[in-house]
Every structure is written in C-alpha cells, then in structure tokens.
Amino acid sequence: MSGFESQPIRCKKSTRRISLQAPGHSKSLAFIRATVADLACQVGFPEDEVAKIEMAVDEACSNVLEHAYAPDKPWYSHRDPELRLEVFTEGGQLIIEIQDHGAQFDFTKYQPPPLEEGIRKLQRGGFGLAIIRKFMDEVQYTSSASAGNTLRLVKYLKNS
C-alpha cells in the first residue's frame, strides 16, 4: 500500500469558494462534510438544507471511495486515490464539483432502488445516488480519461 493515508488534506478557502484536495480515504470524510457545511451556512442556507447538502456530499464521496477506488476495479493506479472538491457560489447557487481518478461509472444507466421500498424491506446500501438526487437540485456526471470523473451537485439558494 502506498502512503496516501498520511498525506495531508489541502484546503484553500475564500469567502465564497473552497478548493479541497484530500486522500481517498474514509478518514477524510468528516473534514469534507464540515467544510462544505460551513460554506453552505455562510452563504445563507437554512440548517435543514445544510444537512441535506452535507449528506449528499458525504454519499457522493463515500461512493467514490467504495466504488471508483475499489481494489477490484481498473483505475488510474499511477497515483494515490484522492478526492478533489471545488465548492463555490454562483448566481444564487451552491455548486460542488467532486473529482476523482477512479473507475468510471455509467451514470445514465444506473437506476437506484426506490427509497420507500428499500426502507420497508430494511435493505442496506444502494441508496446513495437516490439520496443525492433527492437532496440536490441538479446532479451531473462527466468522465474522461484525461480529467477523470466529475460529479457536479447544485443547490439553489431560495429567498425566504
């Protein structure tokens, strides 16, 4: 195993933008959640919406760690697994771009199980994308060999 777990989290912050680079390890998730939630609070999202944004980002990053960087998947092994996030505001929107260089995912064909049915059956797992789509206003996924994978999450700041 390489020494990616000991790499530091790098974070650049300004009033309305965060650039974050973290090791692709579950130990990074708490810092990522807190950082994104902090910016969402600063730009005026109410507490319940901040919790939804935080959960969507955690699900997205957890999916990258579990699936894109899974040991049995072909991914860009010439580098240590890492998560890169760009979090910023633009025109009344909070935009979160999560980038990785793991295995690609066929976003257009994946149909998550219905949440209500899964809850009724006490099913474990498989709901991350359904949660992300429910809690965010826009969800887009792109992938290329040179740039890797990018999941773009958008949440609109509604005026009360």
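We did not get these values from a lab; they are worked out from the coordinates using the rules stated. Not measured: the values here are computed from a predicted model. Reconstructed Cβ throughout: ideal geometry from the backbone, glycine too, with neighbour counts over all protein chains shown.
In a shell of Cβ-Cβ distance under 10 Å around residue 33, excluding residue 33 itself, what net charge do Lys and Arg (+1) and Asp and Glu (-1) give?
Spelling it out: positives minus negatives among the neighbours equals -3.
For a quick protection proxy, order the peptides 23-31, 53-61 by their average other-Cβ count within 10 Å, most packed first.
Sorting 23-31, 53-61 by mean packing, highest first, produces 53-61, 23-31.
Past the 22 Å Cα-Cα mark, which pairs from 73/109; 27/158; 73/155?
27/158; 73/155
Would you mind counting up the charge near residue 67? Only other residues with Cβ under 12 Å from its Cβ, with Lys and Arg at +1 and Asp and Glu at -1.
-4
How big is the dipole moment of segment 18-104 about its Cα centre under a simple scheme where the beta carbon of each Lys and Arg is +1, that of each Asp and Glu is -1, and everything else is neutral? Debye, nearest 20, please.
280 debye
Residue-wise, which Karplus ³J(HN,Hα) couplings in Hz belong to segment 95-109, taking 6.51 cos²θ - 1.76 cosθ + 1.60, θ = phi - 60°, and x for glycine or proline?
Ordered by residue, 3J(HN,Hα) equals 10, 10, 10, 10, 10, 8, 10, x, 4, 6, 10, 8, 4, 6, 8 Hz.
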